[in-house]
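Read-outs: derived from the displayed coordinates by stated rules, not from any lab. Remember, predicted model here, so these are calculated numbers, not experimental data. Here the Cβ positions follow ideal geometry from the backbone for every residue, glycine too, while neighbour counts run over all protein chains shown.
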Amino acid sequence: MRAGLSPDLIARVLGGVPKYTIAELEEKFPLRTLPDGAMVTRFAPSPTGYMHLGGLYQVLIDKKLAQQSGGVFYLRIEDTDTKREVDGATHIILESLRSFGLESDEGPIANNKYSRGYYGPYFQSERKDIYASVAAELLTRGAAYPCFLTSAEMDEIREKQKAAGLPTGIYGEWAIWRDASAADVIARLDAGEIPVIRLYSTGNPEQKIYCKDAVRGSIAFPENNEDAVLIKSDNGLPTYHFAHLVDDHFMRTTHVVRGEEWLSSFPLHIQMFNMMGWIPPVYIHTSTLDTIDDETGKQRKLSKRKDPMANAANFISDGWPVEAVLEYLFNIVASGYEEAKAKGQVKNIWEYDLKIKKIPMSGALFDMKKLEWWAREFIAGMPVDELVDRIYAWSEYYDEFWGTISGQKDYLRAILSIERDNPKRIRKDFVTWKQTLEEVAYFWDDLFVGTHTCAQGREYAPLQEFLATFNVNDDKDTWWKKITDIAARLGISNGDAAMALRVVITGRTNTPDLYSIMQVMGDARVRERIGKVTNG
Ligand code: GLU
């Protein structure tokens, strides 16, 4: 440790007298009163205007751990990088959580920085007083110091370190402001310079520090000897490292779920918690969600630039049932879920306990085919009224067919009820809301694409004959008898006769039960479609 700075100097260095003592902060943000074993988790995105599927994956773990333990899941916006911030980004995060049903219990509830909860502010940009107060404590103790290195000086240091084959960074003898005198600091402040605040690291890389990850176990790292920046000079805001320490302590996080890219700074974080005498949270560093690269054939992380499915919002606009997306992601973190659901032991992910130890630690492949399977199963298991509501609601916001289907909910319900009456044989051809509508689009004249080419072929005669005797009130047996009679008269197979009708009425060779389709379409539409072809 170095000698601590005087209160006057600390106030000058930080641009103001610190508002709180550590004891006051401890009191202001008391330990939460929650049942034993309750977990407090958080999602802490930077507001970049984009919700990565990997973020959603973490949110799911956060939310699930809090939910199953009777804890709290909160949202914290890490807006300390003012250069990267995008307008409306918080709104996008909130919207994503809302549309996937993963809302936080605490945190921002609107873009205008209005939040709910007692551990806020939940925007880091509004927590400057808190960071400055903790920084002041470290400065008092000589565990942090002001550093006036310019970027040109740091470049020079880096070049020298590289040339000498040394690790780059501000540490040991390179950290020239580490032990600077008060007089030197005052001289710079008098000249109007604003310092960064650095950690006065006493770590020795020859020694090991053990950092515990709840899944990976205890990981040995060389101790950190870098004098990491805690508070930046341009806006007085903290770096990720310092904000993590301060926020996760005072917001009383018990479990930090974050990406494995933070493993390399794990020793620094544990070092800081130890320095403060605070108990670190339990850490779960998640692996990436991967895909197979089209060009190289190799497994790689889902990329914002290359993979549309990296953007969680696309699952909403493409009309995926969000429950199925969550079930699929959840089955990656809790691989026993699929079996438990198949056996009827649980109905949904909220009933299945996530075991932290079983969270996978190597890159998980995100497989669209597997997601499709979950979606088919999910839609097949839905009551038809709910299916209709969901599709209808989705279409209003996202769908080009809305102009046609709006106001036709009853017709849509009749269409989607086809082949849904036998629970053992429910059709599984619906995957997304969008694809479902495309699948049944032929029921609407505006969307129906007829194949008129058959009119000149051998299908012409059965169509004409069918029209002559068609009665929409026929029961299925009578209807079928008429078709088989026509086939016999014309010397064609029953299948060919039915196919001729199917193609003309639906524009397709493969459809659900044709009798039901005609019933739903109704007399006029059936006659019109056949008539259009037979009248040439
Ligand atoms: N803002 C950090 C990020 O987006 C948060 C990491 C964490 O969860 O601690 O990566």
Separation between the Asp474 and Asp293 pseudo-spin-labels, each 7 Å from Cα along Cα→Cβ, expressed in nm? 6.1 nm
Could you work out [θ]222 nm for the chain from helices alone, using -39500 (n - 2.57) per DSSP H run of at least four and dividing by all its residues? Round to the nearest 500 deg cm²/dmol. -13000 deg cm²/dmol
Projecting the Cα atoms of Ile356, Ser104, Pro30 onto the charge dipole of the chain, where Lys and Arg contribute +1 and Asp and Glu -1 at Cβ, the residue farthest towards the positive end is Ile356
Local electrostatic count at Ala180 - Lys and Arg +1, Asp and Glu -1, tallied over other residues with Cβ under 15 Å: -2
Could you tell me which residue out of Trp480, Ala498, Gln519 lies farthest along the dipole of segment 467-520 toward its positive end? Charges go on the beta carbon: Lys and Arg +1, Asp and Glu -1, centred on the Cα centre. Ala498
Potential extension, Gln464-Val17 segment - 0.36 nm per residue separation minus Cα distance: 151.7 nm
Measuring from its Cα centre, segment 127-274 shows a charge dipole (+1 at each Lys and Arg Cβ, -1 at each Asp and Glu Cβ) which, in debye to the nearest 20, is 460 debye
Give the calculated FRET efficiency between Met154 and Tyr118 to the nearest 0.05, with a Förster radius of 51 Å applied to their Cβ-Cβ distance. 0.80
Set of aspartates and glutamates with alpha-carbon distance to Lys306 below 19 Å, sequence-local pairs under 8 removed: Asp290, Asp293, Asp294, Glu295, Asp318, Asp367
Round to a whole angstrom and tell me the spacing of the C-alpha centers of segment 393-422 and segment 245-319. 39 Å
Cα centroid distance between segment 1-64 and segment 479-493, in Å? 77 Å
Backbone N under 18 Å from the Arg527 label point (7 Å along Cα→Cβ), restricted to segment 471-497: 471-475, 479
Where a Cα-Cα gap under 27 Å defines reach, which lysines qualify for Lys428, not counting those fewer than 8 residues away within the same chain? Lys341, Lys343, Lys347, Lys369, Lys370, Lys409, Lys476
Given an 8 Å cut-off on Cα distances and at least 6 residues of separation, report the relative contact order of segment 266-402 as a percent. 26 percent
Here, Ile176 and Arg420, labelled 7 Å along Cα→Cβ, have an inter-label distance in nm of 7.4 nm
Would you mind calculating the relative contact order of segment 264-308 from Cα pairs under 8 angstrom and at least 6 residues apart, reporting the percent as a whole number? 21 percent
May I ask you to compute the full-extension gain from Asp389 to Val346, defined as 0.36 nm times their residue separation minus their alpha-carbon distance, rounded to one decimal in nm? 13.0 nm
Assigning unit charges at the beta carbon (Lys, Arg +1; Asp, Glu -1) and nothing else, what dipole magnitude in debye, to the nearest 20, does segment 322-449 show about its Cα centre? 780 debye
Which FRET efficiency value, to the nearest 0.05, is calculated for Thr509 and Val86 with the Förster distance at 41 angstrom and r the Cβ-Cβ distance? 0.25
The simple spin-label model distance between Arg98 and Ala220, using points 7 Å out along Cα→Cβ, in nm, is 5.1 nm
With +1 at each Lys and Arg Cβ and -1 at each Asp and Glu Cβ, the charge dipole magnitude of segment 1-132 around its Cα centre, to the nearest 20 debye, comes out at 160 debye
The rounded separation in angstrom of the Cα centers of segment 337-352 and segment 129-183 is 53 Å
If you line up the long axis of helix 89-99 against the longest principal axis of the chain, both from Cα atoms, how many degrees apart are they, to the nearest 10? 50 degrees
